[in-house]
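Below: the structure, in structure tokens.
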Amino acid sequence: MPTTPAFRRFHRRAGIDRFAGLPPQFERTDHGWWFRRYGHGPAIAVSDDEYAAFMRAGLTALVVHAIALVVFGILAWLLLVRMLPDWSDNGHAIVFGIILPLIALALHGSLRHHADAPTRALAHRPPRLPARDPDASMQPNYSDIVVLTLFMLFMAAIGTRQPPSSYIAFATISVVVGVILVIRRLRFDRILTAVQRERLREQRRDARAIARAAPASPGWYWRAPLLLVFVALELAMLAAGVLLGVGIAQAIAGTTGFGIFMLGFLPGLALGGIAFMPLERLCKRWTGHSAVHAFDWLPPSW
């Protein structure tokens, strides 16, 4: 099946561009696509039909792994409560805040294996172009990791409506995720040669110089603040979805607690994501930009 505009819009909305790890490995050509493993390997020619098949498989894997994260997260919580019945909710929250990112990391490794499916399928096909340097933009900068971790800790610190254990778990998850991202960046830096590191530094300097020299787009003085408003509204929509999901879970269970919070958190987050789609379309129409893509400083490989 060719890659129709409707199909491309669908997989972008589903989040495959950010999480599944497939699109960054493909480049459009006049007669099809180049596939480069990890985005920098030797270029292998791929047809439109093959590209569409890889995208569909990647979307399926993404959905399956997202469901698995919810299922394994709930099972981990139930097992934790059963194995440590005498612990307080705060103690359970700290342990769960460590376990959940490790589950997500394992599922991420599995998802990356699925993202590497084109390499296995095209192993018999000779490359047309040689490999190139890795793209450092696909890896988190240390400053971005610090900012993201501090922001998540700040969100945990200002929360007051849920049990303390919920915020303890969120803060623990924030720290563990930050440590994992630092390790990923250290591993990436270690595989680079001295020449590659210098070239990447030159590329960053050139990119900053181009950004400073680029003229401001017309209407930036009202579009930029309006984009920030849409970002705030969409984040508020996500928060409202989480609160609604947690409220429904608490109403059904007739009680509160960290376990009930987790049962409602992820479905509520998904509900909030669906709810802000009309806002996202309106943002693109009025500002010419995407509020979701305002977070493109987060690399797709995260």
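The values are calculated or read from the model by the stated rules, or taken from the named source; none is laboratory data. Bear in mind the structure is a predicted one, so any value in this text is a computation, not a measurement. Glycine also receives a Cβ, built like all others from the backbone with ideal geometry; neighbour counts cover every protein chain displayed. Heads up: the accessible areas ignore ligands, DNA and RNA and are worked out on the full protein's heavy atoms, side chains in. Shrake-Rupley method; radii C 1.70, N 1.55, O 1.52, S 1.80 Å.
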State which residue pairs qualify: first residue more than 23 Å from Gly91 (Cα to Cα) and inside segment 248-270, second residue at pLDDT below 75 and among the basic types (Lys, Arg) in any location, beta carbons under 6 Å apart, and separation of 6 or more residues or different chains. none
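When segment 141-166 is examined, which residues are found to be in contact (Cβ under 8 Å) with a residue 24 or more places away in the chain and not in a helix (DSSP H, G or I)?
From segment 141-166, those in contact (Cβ under 8 Å) with a residue 24 or more places away in the chain are 141-142, 144-146, 148-149, 152, 161-166; that's our starting set.
The answer is Asn141, Arg161, Gln162, Pro163.
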Given the conditions (1) free of Cβ contacts under 8 Å to residues at least 24 places away in the same chain; (2) buried (at least 16 other Cβ atoms within 10 Å of the Cβ); (3) among the hydrophobic types (A, V, I, L, M, F, W, C), every one holds for Ala169 apart from (1)
The lone exception for Ser47 - which of (1) in contact with a helix residue (DSSP H, G or I) (Cβ under 8 Å, 6 or more places away or on another chain); (2) open to solvent by less than 70 Å² (accessible area, probe 1.4 Å); (3) free of Cβ contacts under 8 Å to residues at least 40 places away in the same chain it fails: (1)
Residue check: is Ala123 without any contact (Cβ under 8 Å) to a residue 24 or more places away in the chain, small (Gly, Ala, Ser) and closer than 26 Å to Trp33 by Cα? yes
Which residue pairs have Cβ atoms under 8 Å apart, sit 6 or more places apart or on different chains, and have a first residue in segment 209-231 that is farther than 12 Å from Gly288 by Cβ and at pLDDT 75 or above and a second that is not in a helix (DSSP H, G or I) and not basic (Lys, Arg)? Val231/Ala291
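Let's see how each residue does on (1) open to solvent by 80 Å² or more (accessible area, probe 1.4 Å); (2) assigned to a helix (DSSP H, G or I); (3) at pLDDT 80 or above:
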| site | (1), (2), (3) |
| --- | --- |
| Arg199 | yes, yes, no |
| Asp206 | yes, yes, no |
| Ala236 | no, yes, yes |
| Gly241 | no, yes, yes |
| Leu244 | yes, yes, yes |
| Gln250 | no, yes, no |
Going residue by residue through segment 110-132, is there one that turns out to be open to solvent by 70 Å² or more (accessible area, probe 1.4 Å), in a loop (DSSP other than H, G, I, E, B) and at pLDDT below 85? yes
Looking at segment 1-25, which of the residues that are at pLDDT 50 or above and open to solvent by 20 Å² or more (accessible area, probe 1.4 Å) is farthest from Ile67 (Cα to Cα)? Pro24
Filtered residues of segment 95-107 (kept if touching a residue at least 40 places away in the same chain (Cβ under 8 Å) and either farther than 18 Å from Ile74 by Cβ or surrounded by fewer than 16 Cβ atoms within 10 Å (Cβ to Cβ) (or both)): Ile98, Leu102, Leu105
Flag if Thr172 is hydroxyl-bearing (Ser, Thr, Tyr) and over 29 Å from Ile248 (Cβ atoms): no
Being in contact (Cβ under 8 Å) with a residue 40 or more places away in the chain, closer than 30 Å to Leu243 by Cβ, of a type outside the set (A, V, I, L, M) and open to solvent by less than 90 Å² (accessible area, probe 1.4 Å), is that true of even one residue in segment 174-182? no
